[in-house]
Number of protein chains: 2
Amino acid sequence: MYSGGMPSDLPALLGDLITVNHRLTRVAAHAADSRESPAVWRTLSVLRQLGPIRLGEIAARSRISQPTATKLVAHLVERGWAARLADPLDARVTSTVITAAGNAALSAWRSELAEALLPMFDGLADAELATIRNAVDILRERLDGSEVPVERVPTAAVTTARVPASEPGRPAGARA
Amino acid sequence: MYSGGMPSDLPALLGDLITVNHRLTRVAAHAADSRESPAVWRTLSVLRQLGPIRLGEIAARSRISQPTATKLVAHLVERGWAARLADPLDARVTSTVITAAGNAALSAWRSELAEALLPMFDGLADAELATIRNAVDILRERLDGSEVPVERVPTAAVTTARVPASEPGRPAGARA
DNA sequence: CCACTGTACATAGCTTGGCTATCTATGTCC
DNA sequence: GGACATAGATAGCCAAGCTATGTACAGTGG
């Protein structure tokens with residue numbers, strides 16, 4: 001639990017990280033405009049960041065299943081926040097792009113969220129802010145860099161071919 | 001407080017923080033392959049940390065609604081990971097405690113999670129680890145400290161002087 | 001003592017994000 | 001052309017979250 005002064009205990013740190021993470025998620029859920037869900041914003045972020053992108057890659061990047069990505073994108077399209085493009089080279093593919101409205105909505109959400117969270121982070125010293133910023137950068141880098149980089153997750157079959165020699169203890173099937 | 005540092009675009013930082021947070025949540029969901037959900041572990045963490053605790057406080061701490069807390073606790077009790085205690089002073093109240101099994105399950109989850117995440121955080125420099133650890137501590141402090149204005153006198157009267165709590169299964173006071 | 005208001009939790013019913021399993025359509029390779 | 005692989009869609013399920021409401025108890029004023 002309280003890791004206050006335990007140095008170098010990576011497992012404990014990761015546990016704490018995830019726990020704090022979950023708590024932050026709840027706070028954000030309260031703070032943000034609750035008419036839309038976290039998944040919507042997360043997906044919009046992916047779209048904004050990666051431009052026209054295939055469904056499968058959205059799923060891989062977001063660490064969600066392909067059907068879930070389909071559902072989310074459908075919702076975004078309904079909302080007018082995303083649009084789908086047929087791929088001239090492959091008729092199976094429809095890429096998704098964020099629209100101007102989507103961009104605006106995402107920015108608005110970020111502002112709103114920030115404003116709502118401000119009181120909670122008011123009075124942080126610059127050094128503390130820098131620490132958080134650095135941590136965010138480190139985590140983002142790891143999230144981007146670590147596995148599932150360009151490779152897509154197999155649809156349903158069991159595949160061990162994509163492991164880039166970095167996943168020793170992964171049950172391979174997620175929730176089977 | 002160290003005034004005059006970098007401009008610190010706080011809104012942007014908060015947006016990034018939450019976005020990274022959501023992505024991490026997905027990663028954790030994949031990594032900790034347990035058949036239990038984040039909410040379960042989050043609730044168990046609260047129970048472990050705060051000992052016998054009322055439903056309402058679980059809800060407040062977790063930033064979830066009271067009915068959701070009821071549901072989660074019911075699930076935990078079913079699982080044998082939590083037990084409920086009648087309050088001898090107020091028959092409306094039933095406090096909840098984590099059981100030994102719950103404690104073990106929580107610890108096991110944390111280990112499992114840590115192991116699964118290790119590859120992702122492999123090769124981090126000590127300084128980077130320290131940064132993350134500090135950020136976690138800062139965030140936790142803010143999460144604890146700015147505990148949603150529950151429009152109530154801060155804890156004090158409620159959280160103190162409960163049942164000895166050494167034996168979770170024992171009601172400690174025959175209720176009429 | 002009895003109503004009356006407030007509090008702590010339970011129940012009902014809904015929405016949404018997530019999953020697996022499966023299907024269709026298209027691409028690719030022999 | 002036929003066999004297999006791949007991209008995405010559809011169906012159906014469960015969990016976590018919510019609001020609204022109900023129920024039992026606590027505390028108070030008459």
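What follows is calculated from the coordinates using simple rules that are stated; it is not laboratory data. Small disclaimer: the values here were computed from a predicted structure and weren't measured. Note that we place each Cβ from the backbone using ideal geometry, even for glycine, and neighbour counts take in every protein chain shown.
Using the 7 Å Cα-to-Cβ label point, sort the distances from A:Arg84 to its equivalents in the other copies shortest first and give them in nm to one decimal.
So the distances to the same position in the other copies read 4.6 nm.
Choose one of A:Ala108, A:Leu72, A:Thr19: the residue whose Cα lies farthest towards the positive end of the charge dipole of the range A:1-123 (beta-carbon charges +1 Lys, Arg; -1 Asp, Glu; about the Cα centre).
A:Leu72
In nm, to one decimal, how far is the B:Gln49 label point from the B:Arg84 one, both placed 7 Å along Cα→Cβ?
With each label placed 7 Å out from Cα toward Cβ, I get 2.4 nm.
Regarding the range A:10-145, what whole-number volume in Å³ per residue does the convex hull of its Cα atoms give?
That works out to 133 Å³ per residue.
Once amide H atoms are placed 1.01 Å from N in the peptide plane, what residues at a sequence separation of 5 or more from B:Thr94, or on another chain, have their amide H within under 5 Å of its amide H?
The answer is B:Leu55.
Kindly give the distances from B:Asp122 to its copy-mates, label point to label point, with each label point 7 Å from Cα along Cα→Cβ, as nm values to one decimal ordered shortest first.
Its label point is 4.6 nm from the equivalent points in the other copies.
How would you order B:14-21, A:25-32, A:103-110 from highest to lowest mean count of nearby Cβ atoms within 10 Å?
In descending order of packing, they fall as B:14-21, A:25-32, A:103-110.
Would you please give the residues with an amide H less than 5 Å from that of B:Thr99, counting only those at least 5 places away or on a separate chain, with H modeled from the backbone geometry?
HN-HN under 5 Å from B:Thr99: B:Ala82, B:Ala83.
Please report, in debye to the nearest 20, how large the charge dipole of the range B:33-130 is about its Cα centre when each Lys and Arg carries +1 at its beta carbon and each Asp and Glu carries -1 there.
The calculated dipole for the range B:33-130 is roughly 580 debye.
Compute the label-point distances linking A:Ala29 to its equivalents in the other copies; points lie 7 Å from Cα along Cα→Cβ; give nm, one decimal, shortest first.
Spelled out, the distances from A:Ala29's label point are 1.1 nm.
Could you list the residues of the range B:33-72 with an amide nitrogen less than 14 Å from a label point located 7 Å from the Cα of B:Asn103 in the Cα-to-C-beta direction?
Once the point is set 7 Å along Cα→Cβ of B:Asn103, B:45, B:47-52 turn out to lie under 14 Å by backbone N, inside the range B:33-72.
Per residue of A:23-32, how many C-beta atoms from partner chains lie within 10 Å of its own C-beta, taken as a mean?
So the per-residue partner count for this stretch is 6.
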